[in-house]
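The values are calculated or read from the model by the stated rules, or taken from the named source; none is laboratory data. These numbers were taken from a predicted model, which means no experiment stands behind them. Heads up, the Cβs are rebuilt from the backbone with ideal geometry, glycines too, and the neighbour counts pull from every protein chain shown. Surface accessibility is based on the protein's heavy atoms, side chains included, excluding ligands, DNA and RNA. Shrake-Rupley method; radii C 1.70, N 1.55, O 1.52, S 1.80 Å.
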Amino acid sequence: QEPLVESGGGLVQPGGSLRLSCTTSGSIFSNYVLGWYRQAPGEQREVVALITIGSTSTYGDSVKGRATISRDSAKNTVYLQIDDLKPKDTADYYCNASWGMRVHWGQGTQVTVSS
């Protein structure tokens with residue numbers, strides 16, 4: 001079983017919104033910093049948003065003011081919502097769980113922003 005299971009990608013029009021979900025085990029959810037990264041073709045992977053166990057969040061400059069990361073302890077799920085999507089948001093989005101040297105990655109979900 002994959003430790004991180006993502007869903008919610010797809011084709012979105014510019015100006016629209018999307019919400020990505022990442023579900024994990026209770027152990028990972030309770031102990032790891034959870035986050036989202038993205039990688040566009042030909043680009044390096046970059047951080048989109050991170051959220052701690054205490055729900056402190058940080059955002060990458062590229063989405064600051066447009067993104068919200070949240071976590072639902074009842075569902076062991078972390079969400080990423082991005083509003084006012086732009087073509088430059090097109091990328092593969094990856095869920096990440098980190099705790100010291102322990103790191104898990106999801107399989108990635110593709111987001112395409114295009115009219």
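Below are the figures for this structure:
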| item | result |
| --- | --- |
| All positions within region 59-95 that are under 12 Å from Ser17 (Cβ atoms) and part of a helix (DSSP H, G or I) | Asp89 |
| Val111 vs. criteria of a type in the set (Val, Ile, Thr) and assigned to a loop (DSSP other than H, G, I, E, B) | no |
| Subset of region 68-115 that is aliphatic (A, V, I, L, M) and under 14 Å from the mean Cα position of the chain (by Cα) - its residue that is nearest to Leu34 (Cα to Cα) | Ala97 |
| Counted residues, region 8-30 - those being open to solvent by 60 Å² or more (accessible area, probe 1.4 Å) and at pLDDT below 95 | 2 |
| Restricting region 34-53 to residues that are surrounded by fewer than 18 Cβ atoms within 10 Å (Cβ to Cβ), of a type in the set (A, V, I, L, M, F, W, C) and closer than 15 Å to Ile69 by Cβ, the residue that is modelled with the highest pLDDT | Val47 |
| Elements of type strands (runs of 3 or more DSSP E) contained in region 1-44, each with 1 or more residues being touching a Gly at 6+ places or on another chain (Cβ under 9 Å) | 4-7, 18-24, 33-39 |
| Hits in region 54-99 (condition: in contact (Cβ under 8 Å) with a residue 12 or more places away in the chain, open to solvent by 40 Å² or more (accessible area, probe 1.4 Å) and of a type in the set (A, V, I, L, M, F, W, C)) | Trp99 |
